[in-house]
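Working notes, structure below.
Read-outs: derived from the displayed coordinates by stated rules, not from any lab. The model shown is predicted, which means the values in this text are computed figures rather than measured ones. Cβ coordinates were reconstructed from backbone atoms using ideal geometry, including for glycine residues, and neighbour counts include every protein chain displayed.
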Amino acid sequence: MFLITIASLYLNIAISIYGVIAKPNLVKKFIALTIAQDSINTVAILMGYRVWREAILQPPILLSWSPSPKDLQDFMNRAVDPLPQALVLTAIVIGLAVNIFLVSTILHLYRHFKTVDMDEISKLKRGAIVEETA
Amino acid sequence: MEVPILHEVGLIPIIYAFGGVLTPLIRLFADKRKVYSIYSLVIALVTTWLSFRVFEYVIKYKVIVYPFGGWPPPLGIVYTVDFLNAVYGLIATVLFLIVSVYNLWYFNVVADPSWLTALLLLNMAGVTGCIYTGDIFNFFVMLEVLAISSYALVAYFKKRRWALEASLSYAFIGALATSFFFFGAVFLYAGYGTLNIADIAAKTHGVDTSTLSLLSGRCIDTQCFGNIVSASATAIALMLWALTFEAGIFPNNYWLPSAYTEAPSPASAVFAGIVDKVGTYGVLRMFITMFSPYASIAMFSILGIPFRDLVLYILSILGFVTAFLGAIIMAVQNDVKRLLSYSTMMHIGIIFMSMACLTSATNLDVRVIALTGILFHSLTHALGESMLFLGLGALATIANSRRIDSIRGYGRVYPVLSTSITIGILSLIGVAPLGGFFSKYTLFLAMIGTGMWVYAISLIVVSGISIIGYIKVLYTLYMLKPMKEVKKINLAIVDIICALVAITLIVVGIAYAQGYLFDMFKMGSKDVVLIEGIQKYINTVDQVSKLIIGIKP
């Protein structure tokens, strides 16, 4: 199960890279980019994950206010690593800023060109550059 | 100062960031063009003074540390400064000082300077944060601050369609590349159990640290938190994409010319001067401190070449391609700022080309010379290129067109500015008494010392090809008659700042030739490259950690 999850996440990342690079439509590119970001974040959380099977009902937190050494030992065995989660939280916030910027720029681009197809826009650009250097 | 903690280091990015965030307040209370330019000038002056102090202390004590919030190093964020970052930090802050003096003039011609001020300050926060930080994850965060503000600066003139197009083609792959930098950082954490550069360096070199390893775990052979060999290889592969993307090295160079062309002139100057050097700095920090030739885990061999050296060779080949591409395409450009962007590409290519001299096959003296050359070339290129962006950008703004034809004959109308531009161009070509010659010569010496004759000759060939493009600008400036009667506009501020930079280029060149600067750079590079330097880097952070936790040795 664990391996299938990891493999499918890697596959997700690979497909979304293909989407960002190969799809001409800017909105589709954008969707692929968000999928890539989310898959990477999930892999990051998975790095700090710990398989805990014995008592599924117990959450990975300390259950008593004044823990005995044995409680602490148990806690150490079942607690997940909190640091990747903190990293991912930061990455999500940063991703939010990037995504909002991208969406608003795509909107502005649409107002100028009346299309979100990158192939047509780069055809226009090639024309402009040839004209400029001629 | 017994323990090398210096608060100025932490202040520099914080001042920029707060300055940027507080700019909208000025918009509410004192919405005048002069206020914005003076505001950013004050911030630039303060930070330049602080970075000079940092540089002074680094020369004295070799390594300076600032732990944020008083947390001990592997747990909290630390800013660690050795000679390598001190030089780049100095370049960054001085460059921003130049740009903000220029802004005294530029803010009179741009429509709404408030957002430009905020974005430039945030960009500088990202740049200085990336440069001074001693923590991989903080590097990622600052890289994103830098990247987002750069995208926004490129799209600053949102009424121009090509500016938006340039910004998007930069931002899409940029966002993907920085996400992969984060992925690489996660792999490093999974392998080493830490994100602190000094701690990672300690683990790759097998140095025994007293306090760092107490907090992040000890290693048994190649097993720390996970397997560090595979983790490092994956992390290097993933992180190099973002770094070479910011630097604009060959497969990732497509965005650079359009982005630098469409950005406002001060932003172009900052991009060409320091933003692409951040990528260079990241690569250097990775392969000089973290995965140095003394680190056994980076030296497992692939195809008979140690892994680390293989990566550096590949980078140098990519740099070689970039340099040739930049020099050749530059010759056919008719847009003044696009020509300068290709020239930037060429110089970054030269810097990456000389990374072949940092491999473990090279002897120590040559490696020191190579690093000296890279640092000095970063300095002279930053000064020369950004001065050209500022000066020619001002002329293009006056002529209301970026075509080279439209500035014909301006050399006679604006003699001071044109003389400074000429000096800048000559420095970039590499003419003898100027800084650019000595930096290229140092790189040439390093390549000869390594036995890389192909690179050494191609360095000269590339400079030769680039002359075609540069001479076109000079010819149009001086030889051709103006198309129509040119009305002289008062450009006193631009004149003064460009002339000052030109004088600096001459002074730097002469001081380097006399040996003052050369000795300083060489001593500093030696401290960074030697195994003792890396040990000092690790030990200083360790010592600070010990001091904060309060364990007596």
Quick note, region B:145-240: a/c under 1.5 would make it rounded; otherwise a/b > b/c is prolate and the rest oblate (a ≥ b ≥ c, C-alpha gyration tensor); here it is prolate
Determine the distance separating the Cα centre of region B:249-298 from the Cα centre of region A:105-127; give it in Å without decimals. 28
Distribution output for region B:498-553: share of Cα-Cα pairs per 5 Å bin in percent, first bin at 0, values 4, 17, 13, 12, 11, 11, 10, 9, 7, 5, 1, 0
For region B:432-553, what is Rg from Cα atoms divided by 2.2 N^0.38 Å, rounded to two decimals? 1.70
Of the options A:21, A:44, A:98, report the single residue whose Cα projects farthest towards the positive end of the charge dipole of chain A (beta-carbon charges: Lys, Arg +1; Asp, Glu -1). A:21
Over region B:306-514, calculate the relative contact order: mean separation of alpha carbon pairs under 8 Å at least 6 apart, over the residue count, as a percent. 27
Mind listing the phi-derived Karplus ³J(HN,Hα) values for region B:199-216, rounded to whole Hz, using 6.51, -1.76 and 1.60 with θ = phi - 60°, and x for any glycine or proline? 5, 4, 4, 4, 6, 5, 8, x, 7, 8, 10, 7, 9, 4, 6, 5, 8, 10
For a quick check of your reading of the filter: which trypsin sites (Lys or Arg not before Pro) in region B:98-192 sit in a DSSP loop and have no more than 11 other Cβ atoms within 10 Å? B:159
Selection from B:516, B:243, B:424 lying farthest towards where the dipole of the protein assembly as shown points positive, charges on Cβ: B:424
Pull up all non-local amide H partners of residue B:431: gap of 5 or more, or a different chain, and H-to-H distance under 5 Å with H placed in the peptide plane. B:437
Placed amide H near residue B:79: partners under 5 Å, 5+ positions off or other chain: B:66, B:68, B:134
As a Kirkwood estimate from alpha-carbon pairs, region B:306-514 has a hydrodynamic radius in angstrom of 17.6
Whole-Hz couplings from phi, Karplus 6.51/-1.76/1.60, listed for region B:55-66; x for Gly and Pro: 4, 4, 5, 5, 4, 7, 10, 6, 10, 10, 10, 9
Given H placed 1.01 Å from N in the peptide plane, which residues other than close sequence neighbours of residue B:480 have an amide H under 5 Å from its amide H? B:409
Roughly how big is the protein assembly as shown's charge dipole about its Cα centre, with Cβ charges of +1 (Lys, Arg) and -1 (Asp, Glu), in debye to the nearest 20? 1660
Checked the protein assembly as shown against the a/c 1.5 cut and the a/b vs b/c comparison, axes a ≥ b ≥ c from its Cα gyration tensor; verdict prolate
Each residue of region B:37-50 in order: what ³J(HN,Hα) in whole Hz does its phi give by Karplus 6.51 cos²θ - 1.76 cosθ + 1.60, θ = phi - 60°, with x for Gly and Pro? 5, 5, 4, 6, 5, 4, 4, 5, 4, 4, 5, 5, 4, 4
Rounded to two decimals, what is Rg over Rh for region B:81-236 when you use alpha-carbon atoms and the Kirkwood radius? 1.10
Extension gain (nm, one decimal) between residue B:21 and residue B:317, 0.36 nm per residue minus Cα-Cα: 102.5 nm
Which loop-located trypsin sites (Lys or Arg not before Pro) does region B:386-487 contain, where loop means any DSSP state but H, G, I, E or B and the Cβ has at most 16 other Cβ atoms within 10 Å? B:484, B:487
With a cut-off of 8 Å between alpha carbons and a minimum separation of six or more residues, what is the relative contact order of chain A in percent? 26
Efficiency of FRET between residue B:506 and residue A:90 - r from beta-carbon atoms, R0 45 angstrom, step 0.05: 0.50
Residues listed by number, region B:327-362, amide nitrogen under 14 Å from residue B:475 label point at 7 Å toward C-beta: B:331-334
May I ask you to derive the relative contact order of chain B, considering only C-alpha pairs under 8 Å and at least 6 residues apart, and to give it as an integer percent? 16
Quick one: grab Rg to one decimal and Dmax as a whole number for region B:348-430, Cα atoms only, in Å. 17.6, 54
Distance in nm between pseudo-label sites at residue B:3 and residue A:7 (7 Å out along the Cβ direction from Cα): 5.1
Take the alpha-carbon centre of region B:310-357, take the same for region A:1-40, and report the distance between them in whole Å. 31
Whichever lysines have a C-alpha closer than 17 Å to that of residue B:546, once near sequence neighbours (fewer than 8 apart) are set aside: B:536
Among B:391, B:371, B:410, pick out the residue whose Cα is farthest towards the positive end of the charge dipole of region B:356-479, where Lys and Arg carry +1 and Asp and Glu carry -1 on C-beta, about the Cα centre. B:410
What is the distance in Å between the Cα centroid of region B:20-64 and that of region B:199-217? 36
Using only the alpha carbons of chain B, determine the length spanned along each of the three principal axes and report them from longest to shortest in whole angstroms. 77, 59, 44
As a quick test, which of the pairs A:114/B:277; B:32/B:158; A:29/B:159 have an alpha carbon distance above 31 angstrom in this structure? A:114/B:277
What FRET efficiency do you get for residue B:513 and residue B:400 if R0 is 56 Å and r is their Cβ-Cβ distance, rounded to the nearest 0.05? 0.85
Would you kindly state the longest site-free stretch of chain B, with sites defined as GluC sites (Glu not before Pro) in a DSSP loop (not H, G, I, E, B) surrounded by at most 15 other Cβ atoms within 10 Å? B:3-484
